[in-house]
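First comes the structure, then the notes that go with it.
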Amino acid sequence: MEEKRDQPPSQRMLKVINDLLDSGSIAAVVTVLAGMETIGSKLLVDETETLMGSLGDTGLDSLVSRYVQHFLNTREETRMIAVKEFAPEFSAASDIVLLFERLQPAPRLVVCGAGHVGAALAKLGSFVGYHTTLIDDRPQFVNRDHFPDETIKLVVAADWATAVREAIGNGRGVAVAVVTRGHNEDEECMKAVVEVAVDYVGLIGSKRRTNIVIDNLRQTGVAEEQLRNIRAPIGLDIGAVSPEEVALAIIAEIVAERRGGKGGSLSAWRRR
């Protein structure tokens, strides 16, 4: 992380944070809350353990930078942590409390197919806070009259693969739902998606239909690890029937993946 010395530390950190978010990277900002004279001091640590700033002790900075990856893996947004919880060997650990805050790009949803399910999913995704792009090769299906919410980006695909590649970018923070009208469209979308490590990819259809698409991808040389990451059939099993219910099942699975949820019933323990 390159720092410009002619800027105040707070402005330098703000610029680095903006650059990280623009690039799709994930990082954590750690702030001293108690136990040190440097209360309020901040340390920024990205996924490669690159540091910016300091908590006021280089030894503590090093310990925290190694712990950040564990914090990021929890999917938590913020957490107050006493240093003694993860580094009891640190001499002053008993009194130090830190605030960990997750930094990541705003979540994005790319919906391939603007039929009944795709339209409902785009609207629901935007409603729950995803920056949503809806793609279809039929202009009448991605007409602004049908989607007055202008935060939903509408794309008419000249060809599916190109439109999907442009929409997903580097894949960081991106969930892709392939809900097109047929095998050919599914495969064109999926060929583009598997080129990039998106956070989530799901494919609508029966087990038979989705297996055909996945088998065809396998024959083109797509790695098994990438194929295992495809949620097919897409969504959680909530007994969905209507397009809106199917959209709810899909967005629930997308949120569970992003937040690290298991997708089960919160009250299941009562019925054991």
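Just so it is clear, none of the values below were taken in a lab; they were calculated from the coordinates. From a predicted model like this one, the values you see are computed outputs, not experimental measurements. Note: ideal-geometry Cβ built from the backbone for every residue, glycine included; neighbour counts use all protein chains shown.
What the table shows:
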{"quantity": "Note, ³J(HN,Hα) from phi for segment 171-178, Karplus 6.51, -1.76, 1.60, rounded to Hz, x at Gly and Pro", "calculated": "x, 6, x, 10, 10, 10, 10, 9"}
{"quantity": "Loop-located GluC sites (Glu not before Pro) in segment 9-110 whose Cβ has at most 10 other Cβ within 10 Å (DSSP)", "calculated": "Glu37, Glu89"}
{"quantity": "Reach of Lys123 by Cα under 22 Å, taken over lysines that are not fewer than 8 positions away in the same chain", "calculated": "Lys153"}
{"quantity": "Cα long-axis angle, helix 207-219 against the chain (0 to 90 degrees, to the nearest 10)", "calculated": "70"}
{"quantity": "Equivalent ellipsoid semi-axes, the chain, via Cα gyration tensor eigenvalues times 5, rooted, Å", "calculated": "41, 22, 17"}
{"quantity": "Expected-Rg normalisation [2.2 N^0.38 Å, Cα atoms] applied to segment 108-259", "calculated": "0.94"}
{"quantity": "Candidates per GluC sites (Glu not before Pro) in segment 180-224, loop by DSSP, up to 15 other Cβ within 10 Å", "calculated": "Glu195"}
{"quantity": "Taking N as its residue count, the alpha carbon Rg of segment 194-272 over 2.2 N^0.38 Å", "calculated": "1.26"}
{"quantity": "His183-Thr78 pseudo-label distance in nm [points 7 Å out on the Cα-to-Cβ vector]", "calculated": "5.2"}
{"quantity": "Whole-number percent relative contact order across the chain, with pairs defined as alpha carbons under 8 Å at least 6 apart", "calculated": "13"}
